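Colleague: The structure under discussion is supplied below as structure tokens; questions concerning it will follow.
Throughout, read-outs are computed from the coordinates displayed, never taken from laboratory work. Since the structure is predicted, the reported quantities are computational estimates derived from the model, not experimental observations. As a convention, Cβ positions derive from the backbone with ideal geometry for all residues, glycine included, and neighbour counts pool all protein chains shown.
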Amino acid sequence: MTTDPHVQACADALADADPWVRRGAAVSLAEIGGRLHHDPGHGLQDTGCLFVVEQLAARVLVEADPTALHAVLKSLTAIGCSHAVAVLLPYLRSDSAAMRTAVVDALSQIVATELVVEDLLADHDADVRVRAVTLLGQMPTRRGVGWLATLVSADADPRVVGSAVGELLARDDLPTARKTQLCSQASQRFPRDPYLQFLFHTASTDLEASR
Amino acid sequence: MSQIPRPRRALVVDDSFAVRRYHAAVLGQAGLAADLAEDGAAGLEQALARSYDAFLIDVNMPRMDGYTLVRQLREHGITAPILMVSTESGRDRELALAAGADAYLLKPLSYEALVGCLGSTASEPGGQSTE
């Protein structure tokens, strides 16, 4: 609960029958939550911000209208606190590809996501590790070469290794020789994987061409 | 000996440059030329602008996911074989088939799997309309 009647009214409007009202409520809550989160007088543990994030998170579970759902996810992204990240993370395991895509997109725009990416890359579920690689690739900071290289050298699932190699190859800030070395490592670990063999072959060709 | 009709041009839709390049190479081995699109929205645009004999579509993509793309292609009357190719484990297979795909394959795609699937789905090469 909140003692602020305006915040409560917005939270109530998230359940309105009209999806455009729900969309508007999500936008209003983003402004409120963002203000509470970014105001120096309030920290990440601020109960007002937490209330707003919880209201939006609860709506993600039940929102059937794509436009309203998009607005809710965008609002959580705009608030951008670590609690918003925490409520979005479970949706990475959704059976809905649209939801997974939307959540990866939202998480990639929140700075606080950096704090959880390493754990996601070590998740017990290989599908989640693949999604974490995608997430890392979409984050604007372009960090994580070390994490991806670790996946290439140690992850037991060739799909994860293939995703990591694909992401490393897309990096502009990595020398071609290093890319080729990582491709070589992956292809040696999984000699029967045609995709990894292909990547090593093309990386070697690209390296030769660059000399 | 009768020959199995084979598609001639395919559209590869995947957000990974490396995967698009790889799938184009595998299609090339099978004698198919490939056009490439980097997400579902771009794939739909290309599919409606040009006739294709087959589609290779990823599941998780920005802007429009693979299932939505497959549904939209079918809604537009496109009947060409659609193979969904994904890193996602088998639990997505039913969703792919329900969306209108002909087959669901786990990455990495092999030449043998591609030819096997197209051989069983491409009974009407070029069977596509963009009405």
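Colleague: Can you bin the stretch B:25-113 into rounded, prolate or oblate? Criterion: square roots of the alpha carbon gyration tensor eigenvalues sorted a ≥ b ≥ c, rounded for a/c under 1.5, prolate for a/b above b/c, oblate for the rest.
Modeller: Rounded, since a/c falls under 1.5.
Colleague: Separate question: Among B:Ser51, A:Ser108, which comes first, second and so on when ranked by fewest other beta-carbon atoms within 10 Å?
Modeller: Ranking B:Ser51, A:Ser108 by Cβ neighbours within 10 Å, fewest first, gives B:Ser51, A:Ser108.
Colleague: Further question: How charged is the neighbourhood of A:Ala78? Take every other residue with its Cβ under 11 Å from the Cβ of A:Ala78, and add Lys/Arg as +1 and Asp/Glu as -1.
Modeller: +1
Colleague: About its Cα centre, what dipole magnitude does chain A give when the only charges are +1 on Lys and Arg Cβ and -1 on Asp and Glu Cβ, stated in debye to the nearest 20?
Modeller: Once rounded to the nearest 20, the dipole reads 700 debye.
Colleague: Additional query: Quick one: compute the contact order of chain A, relative version, from alpha carbon pairs under 8 angstrom and 6+ residues apart, as a percent.
Modeller: 12 percent
Colleague: For every other residue with a beta carbon closer than 12 angstrom to the beta carbon of A:Ala154, add +1 if it is Lys or Arg and -1 if Asp or Glu, then tell me the sum.
Modeller: So the surrounding residues net to 0.
Colleague: Additional query: Calculate the tail of P(r) for the stretch B:61-109: the fraction of all Cα-Cα distances greater than 13 Å, expressed in %.
Modeller: Value for the stretch B:61-109 (Cα pairs over 13 Å): 53 percent.
Colleague: Near A:Asp123, within a Cβ-to-Cβ distance under 15 Å, what is the net charge of the other residues, with Lys and Arg +1 and Asp and Glu -1?
Modeller: Neighbour charge sum, excluding A:Asp123 itself: -2.
Colleague: Relative to the compact globular guide of 2.2 N^0.38 Å, what is the alpha carbon radius of gyration of the stretch A:114-211, as a ratio?
Modeller: 1.03
Colleague: Here is a further query. Can you bin every Cα-Cα distance in chain A into 5 Å intervals starting at zero and give me the percent of pairs per bin, rounded to whole numbers?
Modeller: The calculated distribution, bin by bin, is 1, 7, 15, 15, 15, 12, 10, 8, 6, 5, 4, 1, 0, 0.
Colleague: Continuing with the same structure: If you bin the C-alpha pair distances of the stretch A:1-109 every 5 Å from 0, what whole percents do you get?
Modeller: 2, 14, 26, 25, 19, 10, 3, 1
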